[in-house]
Amino acid sequence: MRHLTQNLTLTPISGTLTFENTFSNKMNQIKENFESIFYKKGQVLFNEGNLARGLHYIESGIVKIYKYGSDGKEQILHIAKNGDIIGYKSLLSDSNYNVSASILEDTRLTYIPKDDFVDLFKNDQEIASNIMRLLCNDLVNMESKMVSMAYKPVRGRLAETLLELDGMFHEQKEEEKPKKSGLIQLSREDLANLIGTAKETVIRLLSEFKTEKLIKTEGKKISILDYQGLMRIDNLYH
């Protein structure tokens, strides 16, 4: 067990797990002790059914977490960004991955072997407590998503998702565009798989949003022009 993380604390945020400032302050030290790997956009991180051998901490970049339905259609469960960790549930349950993960934007990950992560969970009460809180948050978020998928119209789900993605992509590019909207770069297929609808429906609704001057598009890139307008659409269905 490597002892460089004795003062590490973890805090759940929006259903994902991020390392607090104590971890950020130790990043250089962590990189010296754990493997840091660069992944190109489009690469698969792991597939459902793979043996879970370690934890993936996102230093920078964006990763999609997804499953395939019985009909073979992909359903995106979550978009993970810098500061999030991937795979902790499978490690703690000592099971194979029950989801797949692939790279949406060029990403750098720190890989923490399973034994090291499990030792942290067993030996640090604060970490264990935060992970249990995270598991509870994941359950709550999953229930909320199920309700949204069942009752919120696709138009509302798309507005909500665009607002969330804008913040995520803005964070990735904030050094380049600190005062501008994030530039959402997600394929129409991925957007459809994220909100649970057909690609054709997403294309139609994006065209409507563009006509209403809520967004602008350039190829697959999307920029938000009217945050309040999208928020009003989202709030109509709460």
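The values are calculated or read from the model by the stated rules, or taken from the named source; none is laboratory data. As the structure is a prediction and not an experimental result, all values here were calculated from the model. Please note: Cβ atoms are built from the backbone with ideal geometry, for glycine as well, and neighbour counts cover all protein chains shown. Accessible surface is based on the protein model in full, side chains and every heavy atom, while ligands, DNA and RNA are left aside. Shrake-Rupley method; radii C 1.70, N 1.55, O 1.52, S 1.80 Å.
Take ARG133 and tell me if it is modelled with pLDDT of 90 or more, among the basic types (Lys, Arg) and open to solvent by 20 Å² or more (accessible area, probe 1.4 Å).
No, not satisfied.
Name the residue that is most open to solvent (accessible area, probe 1.4 Å), counting only residues in the range 32-83 that are at pLDDT below 90 and assigned to a loop (DSSP other than H, G, I, E, B).
SER70
Residue-by-condition table, conditions (1) modelled with pLDDT of 75 or more; (2) open to solvent by less than 70 Å² (accessible area, probe 1.4 Å):
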residue: ILE103; (1), (2): yes, yes
residue: ASP115; (1), (2): yes, no
residue: ASP124; (1), (2): no, yes
residue: ILE127; (1), (2): no, yes
residue: LEU139; (1), (2): yes, no
residue: GLY156; (1), (2): yes, yes
residue: PHE169; (1), (2): yes, yes
residue: LYS173; (1), (2): no, yes
residue: LYS180; (1), (2): no, no
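Give LEU109, LEU120, LEU134 a once-over and let me know the one that is in a strand (DSSP E or B) and in contact (Cβ under 8 Å) with a residue 40 or more places away in the chain.
LEU109 is the lone residue from the list that is in a strand (DSSP E or B) and in contact (Cβ under 8 Å) with a residue 40 or more places away in the chain.
Please count how many residues of the range 141-160 are among the β-branched types (Val, Ile, Thr) and free of Cβ contacts under 8 Å to residues at least 24 places away in the same chain.
Number of matching residues: 1.
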